[in-house]
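Everything on this sheet refers to the single structure shown next.
The values are calculated or read from the model by the stated rules, or taken from the named source; none is laboratory data. Computed from a predicted structure; not experimentally measured. Cβ sites come from the backbone with ideal geometry, for glycine too, and all protein chains shown count toward neighbours.
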Amino acid sequence: IVMDGGSDDETVDILEEYSPHLSHWVSEPDNGQSHAINKGFAVATGSLVGWLNSDDLYLPKSMFQAASYMLEHPDCDVVFSDYVFIDESGDVLKRRREIPFDFSTYLWTRDCYHANCAGMFRRQVFEETGGLRQDLDYSMDYEFYLRLASQGFRVDHVREFWGAYRFHEESKTVADNESQIREAMEVASVYSHDVRAPWLRGPLYSAKRKFVKLLTGCY
């Protein structure tokens with residue numbers, strides 16, 4: 001499924017060329033990234049879904065590995081793996097290994113450290129939660145996974161590499177980092193019910209995450 005926001009380059013020509021291999025595609029104006037993703041989920045029929053931003057890649061066998069894991073762990077609702085950073089040419093910049101999902105660490109570091117290019121979740125999760133918040137421009141994934149975890153959905157992490165996150169100076173999260181941080185702080189305030197020493201919790205949980213990564217061989 002490809003949801004394009006009405007690109008005026010050669011995107012439509014490419015989509016038409018590959019249309020025999022696509023179950024659904026559309027190129028039309030939308031109300032932002034979250035709106036486009038939600039529209040894609042609404043027409044998805046598979047039991048597992050995920051989304052891939054146009055700059056990023058799924059690595060070979062990643063979908064098979066994710067599906068196999070979910071079959072073997074029926075109580076798991078969301079699964080993420082480690083991933084690699086690539087540059088504009090597709091060359092690997094570094095490998096990013098992460099710790100298992102922890103709600104408090106995820107909340108207080110305000111860092112969506114599990115990349116969408118390396119994750120899948122059950123379609124019923126989308127149906128039960130209503131999908132991504134369309135009023136968010138940067139932190140829709142951060143808010144989505146905080147919401148899932150707060151509602152009791154299980155999030156697992158595996159030590160494999162399923163995705164490639166493309167890093168370049170014009171990428172959305174790099175170009176307007178100040179707005180991204182401000183929006184993430186607004187989202188965090190919704191889920192941080194314990195308001196004691198908020199100025200201290202961010203640095204403490206960031207240090208905890210780095211320490212756990214060091215102990216578990218993530219560096």
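Taken over region 114-154, the criterion of being without any contact (Cβ under 8 Å) to a residue 24 or more places away in the chain and of a type in the set (Phe, Trp, Tyr) is satisfied by PHE144 alone. Taking region 11-37, which residues are assigned to a loop (DSSP other than H, G, I, E, B) and not hydrophobic (A, V, I, L, M, F, W, C)? Answer for region 11-37, where residues must be assigned to a loop (DSSP other than H, G, I, E, B) and not hydrophobic (A, V, I, L, M, F, W, C): SER23, HIS24, GLU28, PRO29, ASP30, ASN31, GLY32. Only residues that are in a helix (DSSP H, G or I) and either of a type in the set (Phe, Trp, Tyr) or more than 18 Å from the chain's Cα centre (by Cα) (or both) were counted in region 58-69, giving 3. Of all the numbered requirements in (1) at pLDDT 95 or above; (2) touching a Phe, Trp or Tyr at 6+ places or on another chain (Cβ under 9 Å); (3) part of a loop (DSSP other than H, G, I, E, B), GLY40 misses one, and that requirement is (3).
Here the strands (runs of 3 or more DSSP E) wholly within region 88-180 that include at least 1 residues being out of contact with any Ser or Thr (no Cβ under 7 Å at 6 or more places or on another chain), over 20 Å from SER47 (Cα atoms) and modelled with pLDDT of 95 or more are 92-96, 155-166. Of all positions in region 198-219, none carries a residue that is modelled with pLDDT under 75 and either crowded, with 16+ Cβ neighbours inside 10 Å or of a type in the set (Lys, Arg) (or both). Restricting VAL26, VAL78 to those that are β-branched (Val, Ile, Thr) and under 16 Å from the mean Cα position of the chain (by Cα) reduces the list to VAL78. For region 67-83, check the following and say yes or no: at least one residue is charged (D, E, K, R), under 17 Å from ARG166 (Cα atoms) and surrounded by 19 or more Cβ atoms within 10 Å (Cβ to Cβ). Yes, that holds for at least one residue. Return yes or no: is ASP4 under 26 Å from PHE167 (Cα atoms) and loosely packed, with under 11 Cβ neighbours inside 10 Å? For ASP4, the condition - under 26 Å from PHE167 (Cα atoms) and loosely packed, with under 11 Cβ neighbours inside 10 Å - is not met.
When each of ASP8, ASP55 is tested for being in a loop (DSSP other than H, G, I, E, B), among the charged types (D, E, K, R) and over 17 Å from the mean Cα position of the chain (by Cα), the lone residue that passes is ASP8.
Yes/no matrix, rows are residues, columns are (1) surrounded by fewer than 19 Cβ atoms within 10 Å (Cβ to Cβ); (2) of a type outside the set (Ser, Thr, Tyr):
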residue: ILE37; (1), (2): no, yes
residue: TYR58; (1), (2): yes, no
residue: MET63; (1), (2): yes, yes
residue: ASP111; (1), (2): yes, yes
